[in-house]
Amino acid sequence: MAIAPATPKSWYLPTKPHKFCPGCGHGIVLKALGENIDELGIQNDIIFGCDIGCSLLAWDFFACDSTQTHHGRVTPVMVGLKRSRPELLTVGYMGDGGGYSIGSQHLLNAAVRNETITLILVNNTNYGMTGGQMSPTTLPGQVTETTPLGRDTAITGYPTKGPEFLSTLTSDGAYIARATVSKYKQLKRFMRNALRNQIEGNGFSFLEVLATCPTNWRTNAQQTWNFLEDEIEKEFRVGEMKTPFGKGDKEVAVD
Amino acid sequence: MLKEMEVISASMERAVFNIFPAYCKGCGLCTEKCPNNTLKWSDKLGAYGTPTVIPRDEDSCIACMICAMVCPDCAIVIERKKRTK
C-alpha cells in the first residue's frame, strides 16, 4: 500500500495544504487538536468555532461542525451553544488579538461564570492577518509595524498574561495552561487535558499556545525558533497554572 | 477516495524518510529543529514553489521524529526501521 501523509483523520483533506503561511504555528496547534479529536473519538460531538484574525483561516480545517464569529465573540457563541446543547463539546479557537484585546470582556466574564467550554488561544505576539501590528502580547522592545522603534512600555504598558489572570478569576474545576509549539508532546498533553476537562464537565478550560509567525516577525527558520524559545518563552512561563486533575498531571514541564 | 500523492522517499540506516512535496511549503522549521542537522534543501519544489527537504546522508538520522512533529503541514512521515544486530 502506498504511504499517505500522517494527517489526523478529523482534518478535512480537500482543503489541504491549508492556507496558513509557511512556518506558521497554527498548523502545529491544529495538528495537535486534530490528533486529540481522533484519540478521544469526539469528532461527531464537537463544534469548532474560530474567531477573527489568522485563526479564521481554520474555518474549513476540520471535518466537523464549524462556525466563525467576529472580534472575540467566539466565547459567547460557544457559551450559548453549550448552554442550549449541553451534550456537545464546544471548542473556541482564537488569536491573541481576538482574545485579549477586542474580546477580553467576553473571555473574562466566561471565566468568572466558569462556563464549561474549551478555549484555545494562539499567541504569536502580533496581529498576523492585518500585517503585523502591535498586539497586547507584543514583547517589550519588539519591533512591529506600529512600533518601529520597539514596544515602549511607558506608553503601551506590558504584555498581557492571559493564563495568569484567568487562573485567579476562575473557581474550582477550571483548567488553565500555557503551551508552546516548540514542545509538541507537551502541547498535545495540555490540549488533551483541556478537552478532557470539558468532557468531564468540571468547568472552564483555557489553553494559550505560544506560536511562530515568521512572515510578520521577518525571521528565517533559525531566527524563528530562537525568538520563540529564547525570548517569548522567557517572558511567558509555560506550564499548567490551574488543573482539577490533582498532582499527577501538574508537572511544570520541560520536555 | 483520495488520489495517491507523490512521495519522495529516502532510506537511511535507522529510518525511511518520506516527504510529500504537495504539502511541503518550505518553511524550514524541520531543518532547524533536527538535532543532528540531517536535513538539507533539495531540488524538488513544494506547494508554493519553494524547495523541499531531503536527508544529507544515511547515518546521521536517529529516527527521533521531531521533524515530523514540528511540520505544520504533516508533509513528513518517518518510518522507523527495526534494529538489526
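List of remarks:
- Failed item in (1) within 23 Å of A:Cys21 (Cα to Cα); (2) open to solvent by 10 Å² or more (accessible area, probe 1.4 Å), with A:Gly98 passing the rest: (2)
- Within segment B:50-74, the only residue that satisfies the criterion of being part of a helix (DSSP H, G or I) and either modelled with pLDDT under 90 or open to solvent by 50 Å² or more (accessible area, probe 1.4 Å) (or both) is B:Ile66.
- Candidate set: segment A:208-226, residues that are within 12 Å of chain B (Cβ to nearest Cβ) and open to solvent by 30 Å² or more (accessible area, probe 1.4 Å); chosen: the one nearest to A:Leu166 (Cα to Cα): A:Asn226
- Check on A:Ile28, more than 14 Å from chain B (Cβ to nearest Cβ) and touching a helix residue (DSSP H, G or I) at 6+ places or on another chain (Cβ under 9 Å): no
- Considering residues of segment B:5-31 that are assigned to a loop (DSSP other than H, G, I, E, B) and over 24 Å from A:Asn220 (Cα atoms) only, the residue least open to solvent (accessible area, probe 1.4 Å): B:Met12
- Of all the residues in segment A:181-193, those that are within 14 Å of another protein chain (Cβ to nearest Cβ) and either over 11 Å from A:Val29 (Cα atoms) or open to solvent by 10 Å² or more (accessible area, probe 1.4 Å) (or both) number 7.
- Lone unmet requirement of (1) facing another protein chain (nearest Cβ under 8 Å); (2) under 22 Å from A:Thr215 (Cα atoms) for B:Gly46: (1)
- Here segment B:75-85 is the region considered, the condition is being within 11 Å of another protein chain (Cβ to nearest Cβ) and either in a strand (DSSP E or B) or among the acidic types (Asp, Glu) (or both), and the residue that is most open to solvent (accessible area, probe 1.4 Å) is B:Glu79.
- If you go through segment A:107-146 and keep only what is assigned to a helix (DSSP H, G or I) and among the β-branched types (Val, Ile, Thr), you end up with just A:Val112.
- Screening A:Tyr127 with (1) open to solvent by 50 Å² or more (accessible area, probe 1.4 Å); (2) at pLDDT below 90; (3) not aliphatic (A, V, I, L, M) gives one miss only, at (2).
- Contact map, segment A:103-125: first residue more than 20 Å from A:Ile232 (Cβ to Cβ), second residue part of a strand (DSSP E or B) and open to solvent by 10 Å² or more (accessible area, probe 1.4 Å), Cβ cut-off under 9 Å, separation 6 or more or different chains; pairs are A:Ile117/A:Leu89; A:Thr118/A:Leu89.
- Options A:Arg196, A:Arg178; residue that is of a type in the set (Lys, Arg), open to solvent by 50 Å² or more (accessible area, probe 1.4 Å) and either in a strand (DSSP E or B) or touching a residue at least 24 places away in the same chain (Cβ under 8 Å) (or both): A:Arg196
- The set of residues in segment A:7-25 being more than 9 Å from every other protein chain (Cβ to nearest Cβ) and either assigned to a loop (DSSP other than H, G, I, E, B) or in contact (Cβ under 8 Å) with a residue 60 or more places away in the chain (or both) consists of A:Lys9, A:Ser10, A:Tyr12, A:Lys19.
The values are calculated or read from the model by the stated rules, or taken from the named source; none is laboratory data. Everything numeric in this text was worked out from a predicted model, so none of it was measured. Note that we place each Cβ from the backbone using ideal geometry, even for glycine, and neighbour counts take in every protein chain shown. Accessible surface is based on the protein model in full, side chains and every heavy atom, while ligands, DNA and RNA are left aside. Shrake-Rupley method; radii C 1.70, N 1.55, O 1.52, S 1.80 Å.
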